[in-house]
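Notes to accompany the following structure.
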Amino acid sequence: MTPASDAPPGSFGPLDFQLVLLRRMADHQPGLVEEALRTLEVDRGRIREANKRWQAMVRSPRGRGTGPRYRSVLGPPEAVGERRVGALTFQASTWRVPLWPDLRFEVLAAPGGAVWNEWLVRAPGAAGPALPRTIEELRPWAYTVDEVARAFPPARPMEGTAPTRWQLAFTAPDAGGERRPYVAEFTWGLFQRLIP
């Protein structure tokens, strides 16, 4: 993890956006969030302030749509392309997130601009960690939704406990080879924890 440059005073930039991502992740991985805050050289007060400002932007009646909001905060996307999901085609825009250099923040927008999904994905060409073979190898912040689904097929997507959360239900072996059902919870597309 590497520190991110900050935006000019009074503006909301990439560092603030990373703090918004961390705010939700702190519910399940406070230790990893504290480590990230030290890397970014900011304190907990800054994470609360960034989240408060983000929520005000999201809820503002005069606010920009979701896609334009990301462009105003993160700048032009690193890449824009098409992504097919079943029979639907989406515009996929991705941005670098300095805290996680081998990931990208991806926004999938339907024709007309409505945002369908927004989460962290593995960067094109980034190797990422080896896929877990047992449940003990599934480490927080190491895997994306797609990677866990590929590691333990057939994984079934489930609704998360908040708009920025997703769940996958799957069966996986433990280190002794015994297979059991599990549900993994993700925040902004990054694995956080196994839940009962």
Quick one: which of VAL80, VAL107 is hydrophobic (A, V, I, L, M, F, W, C), part of a strand (DSSP E or B) and surrounded by fewer than 13 Cβ atoms within 10 Å (Cβ to Cβ)?
VAL80
Look at segment 27-36 and say how many of its residues are touching a helix residue (DSSP H, G or I) at 6+ places or on another chain (Cβ under 7 Å) and modelled with pLDDT under 95.
0
Which pairs turn up if I take residues in segment 108-132 that are farther than 18 Å from GLU78 by Cα and look for partners that are in a loop (DSSP other than H, G, I, E, B) and basic (Lys, Arg) with beta carbon separation below 9 Å, at least 6 apart in sequence or on another chain?
PRO129/ARG139; PRO132/ARG139
Quick check: is even one residue across segment 172-185 closer than 23 Å to GLY67 by Cβ and out of contact with any helix residue (DSSP H, G or I) (no Cβ under 7 Å at 6 or more places or on another chain)?
no
In segment 161-196, what count of residues is obtained for those that are under 18 Å from LEU22 (Cα atoms) and not in a strand (DSSP E or B)?
6
Matching residues, segment 110-132, being closer than 21 Å to PHE17 by Cα, touching a Lys or Arg at 6+ places or on another chain (Cβ under 9 Å) and not in a strand (DSSP E or B)
ALA123
Please specify each residue of segment 133-160 satisfying the condition of being open to solvent by 20 Å² or more (accessible area, probe 1.4 Å), of a type in the set (Asp, Glu), touching a strand residue (DSSP E or B) at 6+ places or on another chain (Cβ under 9 Å) and assigned to a helix (DSSP H, G or I).
ASP146
VAL42 meets each of (1) open to solvent by less than 50 Å² (accessible area, probe 1.4 Å); (2) part of a helix (DSSP H, G or I) with one exception, condition (2)
For segment 115-128, how many residues are farther than 21 Å from VAL85 by Cβ and open to solvent by 40 Å² or more (accessible area, probe 1.4 Å)?
2
The residue that is farthest from PHE12 (Cα to Cα), considering only those in segment 83-94 that are in contact with a Phe, Trp or Tyr (Cβ under 9 Å, 6 or more places away or on another chain) and open to solvent by less than 30 Å² (accessible area, probe 1.4 Å), is PHE90
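The values are calculated or read from the model by the stated rules, or taken from the named source; none is laboratory data. These figures come from a predicted structure and were not determined experimentally. When we count neighbours, we look across all protein chains shown, and the Cβ atoms used for this are built from the backbone with ideal geometry, even at glycine. These accessible areas exclude ligands, DNA and RNA; they are computed on the full protein's heavy atoms, side chains included. Shrake-Rupley method; radii C 1.70, N 1.55, O 1.52, S 1.80 Å.
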